[in-house]
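**Student:** My structure is below; once you've seen it, I'll send some questions.
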Amino acid sequence: MFTGIVEELGEIVGVTPTADDSALVAVRGPLVTSDARHGDSIAVNGVCLTVVEAADGVFTADVMGETLRRSALGALRAGDPVNLERAAALGSRLGGHLVQGHVDGVGELISREPAEQWETVRFRLPAALARYVVEKGSITIDGVSLTVAEVGADEFAVGLIPTTLKLTTLGAKGVGDPVNLEVDVVAKYVERLLGARLTDTDAGLAGTTGGVA
(Lines give C-alpha, C1' and ligand atoms only; values in the text may rest on other atoms or scores of the structure.)
Protein backbone atom coordinates (compact mmCIF):
# COMPACT_ATOMS: atom_id res chain seq x y z
CA MET A 1 0.00 0.00 0.00
CA PHE A 2 1.22 3.50 -0.88
CA THR A 3 0.06 7.08 -0.40
CA GLY A 4 0.87 8.68 -3.76
CA ILE A 5 3.47 11.01 -2.25
CA VAL A 6 6.55 10.63 -4.45
CA GLU A 7 9.74 10.30 -2.40
CA GLU A 8 12.29 10.49 -5.16
CA LEU A 9 12.68 11.11 -8.87
CA GLY A 10 14.63 8.06 -9.99
CA GLU A 11 16.01 6.85 -13.30
CA ILE A 12 15.68 3.68 -15.36
CA VAL A 13 19.11 2.08 -15.61
CA GLY A 14 18.15 -0.76 -17.91
CA VAL A 15 15.34 -2.98 -19.14
CA THR A 16 16.34 -6.57 -19.93
CA PRO A 17 13.74 -8.75 -21.68
CA THR A 18 13.25 -12.19 -20.10
CA ALA A 19 11.01 -15.18 -20.80
CA ASP A 20 7.26 -14.91 -21.46
CA ASP A 21 7.42 -11.25 -22.55
CA SER A 22 8.47 -10.18 -19.05
CA ALA A 23 11.48 -8.03 -18.19
CA LEU A 24 14.03 -7.36 -15.47
CA VAL A 25 14.04 -3.63 -14.76
CA ALA A 26 16.89 -1.84 -13.01
CA VAL A 27 16.09 1.49 -11.35
CA ARG A 28 18.39 4.03 -9.73
CA GLY A 29 16.99 5.54 -6.54
CA PRO A 30 19.45 6.21 -3.69
CA LEU A 31 16.73 7.21 -1.23
CA VAL A 32 14.29 4.35 -1.77
CA THR A 33 17.11 1.80 -1.82
CA SER A 34 18.69 3.10 1.40
CA ASP A 35 16.75 0.51 3.42
CA ALA A 36 15.46 -1.75 0.65
CA ARG A 37 15.68 -5.50 1.00
CA HIS A 38 14.73 -8.45 -1.17
CA GLY A 39 10.94 -8.73 -1.27
CA ASP A 40 10.19 -5.09 -0.41
CA SER A 41 7.65 -3.15 -2.47
CA ILE A 42 8.53 0.04 -4.35
CA ALA A 43 6.12 1.90 -6.62
CA VAL A 44 7.63 2.87 -9.98
CA ASN A 45 5.42 5.39 -11.78
CA GLY A 46 2.57 4.06 -9.68
CA VAL A 47 3.20 0.37 -10.35
CA CYS A 48 3.97 -1.75 -7.30
CA LEU A 49 7.14 -3.75 -7.99
CA THR A 50 8.92 -6.27 -5.77
CA VAL A 51 12.63 -5.75 -5.13
CA VAL A 52 14.83 -8.63 -6.33
CA GLU A 53 18.16 -7.06 -5.44
CA ALA A 54 19.30 -3.67 -4.15
CA ALA A 55 22.87 -2.39 -4.10
CA ASP A 56 24.76 0.86 -4.70
CA GLY A 57 21.60 2.92 -5.06
CA VAL A 58 20.05 0.64 -7.72
CA PHE A 59 17.34 -1.99 -7.35
CA THR A 60 16.07 -4.57 -9.78
CA ALA A 61 12.53 -5.91 -10.15
CA ASP A 62 10.84 -8.50 -12.32
CA VAL A 63 7.98 -7.09 -14.38
CA MET A 64 5.44 -9.53 -15.81
CA GLY A 65 4.30 -9.31 -19.40
CA GLU A 66 0.77 -8.43 -18.29
CA THR A 67 2.11 -5.47 -16.31
CA LEU A 68 4.12 -4.26 -19.29
CA ARG A 69 1.04 -4.49 -21.51
CA ARG A 70 -1.46 -2.92 -19.11
CA SER A 71 0.71 -0.05 -17.90
CA ALA A 72 3.06 2.51 -19.41
CA LEU A 73 6.11 0.71 -17.98
CA GLY A 74 6.52 -1.14 -21.27
CA ALA A 75 7.51 2.12 -22.96
CA LEU A 76 10.30 2.97 -20.51
CA ARG A 77 13.92 2.93 -21.64
CA ALA A 78 17.30 3.49 -19.99
CA GLY A 79 17.67 7.09 -18.87
CA ASP A 80 13.94 7.76 -18.44
CA PRO A 81 12.96 9.43 -15.14
CA VAL A 82 10.46 7.65 -12.89
CA ASN A 83 8.51 8.50 -9.75
CA LEU A 84 9.49 6.33 -6.80
CA GLU A 85 7.76 5.65 -3.48
CA ARG A 86 8.40 2.99 -0.84
CA ALA A 87 5.46 1.15 0.68
CA ALA A 88 3.74 3.09 3.46
CA ALA A 89 4.64 2.17 7.04
CA LEU A 90 1.97 1.72 9.70
CA GLY A 91 1.82 4.80 11.89
CA SER A 92 3.13 7.15 9.19
CA ARG A 93 1.15 10.17 7.98
CA LEU A 94 -1.19 9.56 5.04
CA GLY A 95 -0.30 12.59 2.98
CA GLY A 96 -2.09 11.54 -0.20
CA HIS A 97 -4.74 8.80 -0.37
CA LEU A 98 -4.80 5.00 -0.27
CA VAL A 99 -2.94 3.77 -3.35
CA GLN A 100 -2.54 0.09 -4.14
CA GLY A 101 0.04 0.34 -6.90
CA HIS A 102 -2.29 -1.63 -9.19
CA VAL A 103 -2.70 0.32 -12.42
CA ASP A 104 -6.27 0.38 -13.76
CA GLY A 105 -5.40 1.71 -17.19
CA VAL A 106 -3.22 3.97 -19.30
CA GLY A 107 -4.24 7.56 -19.92
CA GLU A 108 -2.88 10.22 -22.25
CA LEU A 109 -1.86 13.81 -21.57
CA ILE A 110 -3.87 15.99 -23.94
CA SER A 111 -3.15 19.57 -22.85
CA ARG A 112 -1.23 21.82 -20.46
CA GLU A 113 -2.39 25.27 -19.38
CA PRO A 114 0.32 27.18 -17.48
CA ALA A 115 -0.73 29.75 -14.88
CA GLU A 116 1.28 32.02 -12.60
CA GLN A 117 1.64 29.57 -9.72
CA TRP A 118 0.46 26.22 -11.13
CA GLU A 119 -0.52 24.34 -14.28
CA THR A 120 -3.81 22.78 -15.25
CA VAL A 121 -3.07 19.49 -17.00
CA ARG A 122 -5.73 17.51 -18.80
CA PHE A 123 -5.73 13.76 -19.46
CA ARG A 124 -7.82 11.40 -21.54
CA LEU A 125 -8.76 8.16 -19.79
CA PRO A 126 -10.23 4.80 -20.85
CA ALA A 127 -14.03 4.87 -21.01
CA ALA A 128 -14.31 2.02 -18.50
CA LEU A 129 -12.61 4.15 -15.82
CA ALA A 130 -14.60 7.35 -16.32
CA ARG A 131 -17.34 6.41 -13.85
CA TYR A 132 -14.81 6.19 -11.00
CA VAL A 133 -13.50 9.75 -11.48
CA VAL A 134 -15.38 12.55 -9.73
CA GLU A 135 -14.69 16.23 -9.21
CA LYS A 136 -12.68 16.82 -6.01
CA GLY A 137 -12.04 13.08 -5.78
CA SER A 138 -8.62 11.42 -5.74
CA ILE A 139 -6.74 9.82 -8.62
CA THR A 140 -3.19 8.53 -9.00
CA ILE A 141 -1.25 9.58 -12.10
CA ASP A 142 2.14 7.88 -12.56
CA GLY A 143 2.16 7.26 -8.82
CA VAL A 144 1.29 10.84 -7.84
CA SER A 145 -1.79 11.37 -5.65
CA LEU A 146 -3.82 14.23 -7.12
CA THR A 147 -7.22 15.89 -6.71
CA VAL A 148 -9.50 15.97 -9.73
CA ALA A 149 -10.32 19.56 -10.69
CA GLU A 150 -12.63 18.96 -13.67
CA VAL A 151 -14.36 15.95 -15.20
CA GLY A 152 -15.59 15.37 -18.75
CA ALA A 153 -17.06 12.38 -20.56
CA ASP A 154 -13.67 10.81 -21.31
CA GLU A 155 -11.21 13.24 -19.77
CA PHE A 156 -10.32 14.99 -16.56
CA ALA A 157 -8.04 17.77 -15.35
CA VAL A 158 -5.80 18.26 -12.33
CA GLY A 159 -3.88 21.24 -11.00
CA LEU A 160 -0.15 20.79 -10.50
CA ILE A 161 1.65 22.97 -7.97
CA PRO A 162 5.32 23.98 -8.43
CA THR A 163 6.56 21.22 -6.10
CA THR A 164 4.81 18.54 -8.14
CA LEU A 165 6.05 20.05 -11.40
CA LYS A 166 9.63 20.09 -10.13
CA LEU A 167 9.89 16.85 -8.17
CA THR A 168 7.90 14.39 -10.32
CA THR A 169 7.85 13.28 -13.94
CA LEU A 170 4.60 15.16 -14.51
CA GLY A 171 6.48 18.42 -14.90
CA ALA A 172 8.17 17.21 -18.09
CA LYS A 173 5.37 15.17 -19.66
CA GLY A 174 4.30 16.34 -23.11
CA VAL A 175 1.07 16.15 -25.08
CA GLY A 176 0.52 12.57 -26.22
CA ASP A 177 2.61 11.00 -23.47
CA PRO A 178 1.07 7.95 -21.75
CA VAL A 179 0.52 7.86 -17.97
CA ASN A 180 -0.46 5.15 -15.53
CA LEU A 181 -3.83 5.69 -13.89
CA GLU A 182 -5.17 4.21 -10.67
CA VAL A 183 -8.64 5.30 -9.62
CA ASP A 184 -9.76 5.49 -6.00
CA VAL A 185 -10.15 1.90 -4.75
CA VAL A 186 -13.02 2.97 -2.47
CA ALA A 187 -15.14 3.78 -5.54
CA LYS A 188 -14.57 0.29 -6.95
CA TYR A 189 -15.53 -1.40 -3.68
CA VAL A 190 -18.69 0.70 -3.37
CA GLU A 191 -19.70 -0.19 -6.94
CA ARG A 192 -19.14 -3.89 -6.24
CA LEU A 193 -21.10 -3.87 -3.00
CA LEU A 194 -24.02 -1.92 -4.46
CA GLY A 195 -24.09 -4.20 -7.48
CA ALA A 196 -24.25 -7.27 -5.26
CA ARG A 197 -27.03 -5.72 -3.17
CA LEU A 198 -29.10 -4.86 -6.25
CA THR A 199 -28.63 -8.41 -7.56
CA ASP A 200 -29.79 -9.86 -4.23
CA THR A 201 -32.78 -7.51 -4.17
CA ASP A 202 -33.80 -8.48 -7.71
CA ALA A 203 -33.49 -12.16 -6.81
CA GLY A 204 -35.68 -11.64 -3.74
CA LEU A 205 -38.34 -9.87 -5.75
CA ALA A 206 -38.32 -12.61 -8.35
CA GLY A 207 -38.93 -15.15 -5.60
CA THR A 208 -42.15 -13.39 -4.53
CA THR A 209 -43.85 -13.23 -7.91
CA GLY A 210 -45.39 -16.69 -7.78
CA GLY A 211 -49.17 -17.15 -7.70
CA VAL A 212 -51.13 -17.52 -4.44
CA ALA A 213 -52.54 -20.99 -3.78
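**Student:** Show which lysines lie in cross-link reach of K188 when reach means a straight Cα distance below 29 angstrom and same-chain residues fewer than eight apart are skipped.
**Tutor:** K136, K173
**Student:** Return one quarter of the surface area of the convex hull spanned by the alpha-carbon atoms of the stretch 1-53, equal to its mean projected area, in nm².
**Tutor:** The Cα convex hull of the stretch 1-53, projected and averaged over all directions, gives 4.0 nm².
**Student:** Right, next: Considering the Cα trace of the stretch 1-109, what is its radius of gyration and what is Dmax, both in angstroms?
**Tutor:** Rg then Dmax for the stretch 1-109, in Å: 13.2, 40.
**Student:** On to the next question. Of V190, V134, V148, which has the largest mean-square fluctuation in a 10 Å C-alpha GNM of the chain?
**Tutor:** Between V190, V134, V148, it is V190 that shows the largest mean-square fluctuation.
**Student:** Based on the alpha-carbon gyration tensor of the chain, what equivalent-ellipsoid semi-axes (square roots of 5 times the eigenvalues) come out, in whole Å, largest first?
**Tutor:** Semi-axis lengths for the chain are 35, 23, 17 Å.
**Student:** Got a number for carbon plus sulfur as a percent of the chain's accessible area, 1.4 Å probe?
**Tutor:** C and S atoms contribute 55 percent here.
**Student:** If all Cα-Cα distances of the stretch 54-134 are sorted into 5 Å bins from 0 onward, what percent lands in each bin, rounded to whole numbers?
**Tutor:** Once binned at 5 Å, the Cα pair distances of the stretch 54-134 give 3, 8, 14, 19, 20, 19, 12, 5, 1.
**Student:** For a quick check, take a GNM of the chain with Cα springs below 10 Å and name the residue from E150, E116, E108 with the largest mean-square fluctuation.
**Tutor:** Taking springs between Cα atoms under 10 Å, the residue moving most is E116.
**Student:** With a probe of 1.4 Å, find how much accessible area the chain has per residue, and write the answer as a whole number in Å².
**Tutor:** It amounts to 55 Å² per residue over the chain.
**Student:** To continue, here is another question. Treat every Asp and Glu Cβ in the chain as -1 and every Lys and Arg Cβ as +1, leave all other atoms uncharged, and give the resulting dipole magnitude about the Cα centre to the nearest 20 debye.
**Tutor:** Computed about the Cα centre, the dipole is about 260 debye.
**Student:** Got the relative contact order for the chain handy, in percent, Cα pairs under 8 Å and 6 or more residues apart?
**Tutor:** 22 percent
**Student:** Please build a GNM for the chain, connecting alpha carbons under 10 Å apart, and tell me which residue among L73, L160, L194 fluctuates the most.
**Tutor:** L194
The values are calculated or read from the model by the stated rules, or taken from the named source; none is laboratory data. Just so it is clear, the structure is predicted and the values come from calculations on it, not from any experiment. All Cβ positions, glycine included, derive from the backbone under ideal geometry; neighbour counts span all protein chains shown. Heads up: the accessible areas ignore ligands, DNA and RNA and are worked out on the full protein's heavy atoms, side chains in. Shrake-Rupley method; radii C 1.70, N 1.55, O 1.52, S 1.80 Å.
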